[in-house]
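Beneath this line is the structure, given in structure tokens, with notes to follow.
The values are calculated or read from the model by the stated rules, or taken from the named source; none is laboratory data. Remember, it's a predicted structure, so these values are computed and weren't measured experimentally. Cβ sites come from the backbone with ideal geometry, for glycine too, and all protein chains shown count toward neighbours.
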Amino acid sequence: MSPMSSQSERRLVFGATGYIGSHLVARLHGAGYSVRASARNLSRLEARDWHDVELITADALDPQSLIAALRDIDIAY
């Protein structure tokens with residue numbers, strides 16, 4: 001963890017159903033961070049069976065969906 005980061009910061013992972021995103025969610029959550037995972041398809045996120053990870057639908061091609069996804073987020077990946 002860098003000196004500038006804090007585990008109380010909320011992290012958002014876009015593309016959380018993909019290979020890199022899914023591993024990043026697991027790694028951040030395992031390190032104690034508050035994680036919000038996003039994808040275009042909510043049912044694919046729910047199939048991950050992540051506990052204590054907030055799930056949200058977001059699509060970069062739908063800017064309106066990004067407003068809720070980014071709300072109260074300190075760092076987005």
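Things to note:
- Contacts under 6 angstrom Cβ, first residue in region 39-58 being more than 13 Å from Leu12 (Cβ to Cβ), partner among the hydroxyl-bearing types (Ser, Thr, Tyr), 6 or more apart: Leu42/Thr57; Arg44/Thr17
- Qualifying residue in region 37-44 (condition: in contact with a Lys or Arg (Cβ under 7 Å, 6 or more places away or on another chain), part of a strand (DSSP E or B) and not hydroxyl-bearing (Ser, Thr, Tyr)): no
- Residue satisfying all of: in region 1-54; in contact with a strand residue (DSSP E or B) (Cβ under 9 Å, 6 or more places away or on another chain) and among the hydroxyl-bearing types (Ser, Thr, Tyr); nearest to Ser65 (Cα to Cα) among these: Ser38
- Answer residue from region 25-52, given it is of a type in the set (A, V, I, L, M, F, W, C) and surrounded by fewer than 19 Cβ atoms within 10 Å (Cβ to Cβ) and is modelled with the lowest pLDDT among those: Trp50
- Here is the figure for region 45-64: residues that are assigned to a loop (DSSP other than H, G, I, E, B) and of a type in the set (A, V, I, L, M, F, W, C) total 6.
- Among (1) under 13 Å from the mean Cα position of the chain (by Cα); (2) at negative phi - the single one Gln64 does not satisfy: (1)
- When region 7-24 is filtered for residues that are surrounded by 20 or more Cβ atoms within 10 Å (Cβ to Cβ) and out of contact with any Gly (no Cβ under 8 Å at 6 or more places or on another chain), the ones remaining, listed by number, are Arg11, Leu12, Ala16.
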